[in-house]
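Following: one structure in structure tokens, then a few remarks.
The values are calculated or read from the model by the stated rules, or taken from the named source; none is laboratory data. It should be emphasised that the depicted structure is a prediction, and the values quoted were computed from it without experimental measurement. Virtual Cβ from ideal backbone geometry, glycine too; neighbours counted across all protein chains shown.
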Amino acid sequence: MKKDIYILGIESSCDETSAAVVKNSRECLSNVIASQIEIHRRFGGVVPEIAGRNHLLAVMPVVDEALAKAGIGMKDLDAVAVTYGAGLIGCLLVGVSAAKAIAYALGIPLIAVNHIQGHIAANFIAFPDLQPPLLSLVASGGHTSIIAVEDYNTYKSISATLDDAIGESFDKVARILGLPYPGGPEIDRHGRNGKANIRFCPNLHVRGDLSYTFSGLKTAVVNYVHNLRQRGEEIPVDDICASFTAEAVGYTVDTFIRCAEERGVTRLALAGGVAANSYLRSLLASECEKRGFSLFVPPPVLCTDNAAMIAARGSFAFAEGKDIADLSLNAKSVIV
Ligand code: KG4
Ligand code: ZN
């Protein structure tokens, strides 16, 4: 009988310390997430030095909890998969160091996982029958990328953002409106009560190379709000949120759909924290339905940073003996 494979995943690239156990690449046995949102809220964003220190406090307790919830012990693990980049360097180093120590002590392989690929792999646990090839949109605080997943271990970057990531623009717009961090969910909530009756960036359109750009839209919203404040006028927060979301998400979806059409791909997957956005989920679903495309969108808990997606990505690499790292593995803030 084939032995079950248990992979421990560790994620610490930003402000979530997470550990998870995934069985046979597809089954999530535990996914423990210690969020630092409350710690960073008073600063209006993640403070890297503080985040790194808190990862250090949380990392071994979340690993212990993930193993306990999965009902297994350290000795049952076949490998440890860890996010080595992209992300905040001081944060990544905590997860990488913990993973190295565990892998070394147990004498099991260490697997280096690319965070963006991890986000996409969330789909393989959310949809156990899903198979590549597929085209994925990763919309997060750090990335807006279209990636072709050719097989379980071949991810090809098709397009990325030239400046800000979509989540970063959500967070900055929220900040100018005085909404708490993280701004994405706040804009989502306010936007649902507002009307998309303001046009901030009439020139925002699908670019020939399918790349993304969000800094112009973000700046247009910031200028709009400043102008109202200077004139002492009331800020229509809900309408601004609805209008900004309509433009940012509409443009993101148009580009992704155009990319799929140009490449003749009909199986699409969404990933990353912004994939939790209600308008993005519904607009992409309706555009896919119109064209007969199949769309896969993980539940919100698997969209924002978590270690189950890292363990899943690592499991597929482990199965083919890929991305095995040694103790010289270093964290990388950017992966090109
Ligand atoms: O993937 P993630 O957890 O971290 C990164 O890898 O960046 O994504 C975090 C981003 C933040 O910018 C947050 O504001 C955004 O995802 N986000 C949302 C929503 N939930 C989280 N943006 C829009 N609508 C949401 N509901
Ligand atoms: Zn992420």
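Restricting attention to helices (runs of 4 or more DSSP H) lying wholly within region 217-336, give those where 2 or more residues are away from ligand 2 (no atom under 16 Å from the Cβ) and either among the charged types (D, E, K, R) or in contact with a helix residue (DSSP H, G or I) (Cβ under 9 Å, 6 or more places away or on another chain) (or both). Don't jump to the end; show me each part of the working.
Values: elements: 237-263, 278-291, 300-303, 307-319.
In region 217-336, 237-263, 278-291, 307-319 are the helices (runs of 4 or more DSSP H) which contain 2 or more residues that are away from ligand 2 (no atom under 16 Å from the Cβ) and either among the charged types (D, E, K, R) or in contact with a helix residue (DSSP H, G or I) (Cβ under 9 Å, 6 or more places away or on another chain) (or both).
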Practice task
Report whether or not Glu287 is exposed (fewer than 15 other Cβ atoms within 10 Å of the Cβ), assigned by TED's automatic domain parsing to the domain that holds Thr161 and either in contact with an Asp or Glu (Cβ under 9 Å, 6 or more places away or on another chain) or modelled with pLDDT of 95 or more (or both).
Solution key: no
Practice task
Kindly indicate whether Ser12 is assigned by TED's automatic domain parsing to the domain that holds Ala66, under 14 Å from Ala307 (Cβ atoms) and free of Cβ contacts under 8 Å to residues at least 24 places away in the same chain.
Solution key: no
Practice task
All but one of (1) within 16 Å of ligand 1 (Cβ to nearest atom); (2) surrounded by fewer than 16 Cβ atoms within 10 Å (Cβ to Cβ); (3) within 23 Å of the chain's Cα centre (by Cα) hold for Arg258, so report the exception by its number.
Solution key: (1)
Problem - Failed item, numbered, when Gly208 is tested on (1) more than 16 Å from ligand 2 (Cβ to nearest atom); (2) assigned to a helix (DSSP H, G or I); (3) of a type in the set (Gly, Ala, Ser) - result: (2)
Handout entry: Any hit, region 149-156, residues being outside the structural domain of Ser25 (by TED's automatic domain parsing) and within 16 Å of ligand 2 (Cβ to nearest atom)
Key = yes
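Run down Asn123, Asn153 and say which single residue is farther than 20 Å from Ile324 by Cβ, modelled with pLDDT of 95 or more and either crowded, with 24+ Cβ neighbours inside 10 Å or away from ligand 1 (no atom under 13 Å from the Cβ) (or both). Before the answer, list the steps.
On the way: Asn153 fails: farther than 20 Å from Ile324 by Cβ.
Exactly one residue qualifies, and that residue is Asn123.
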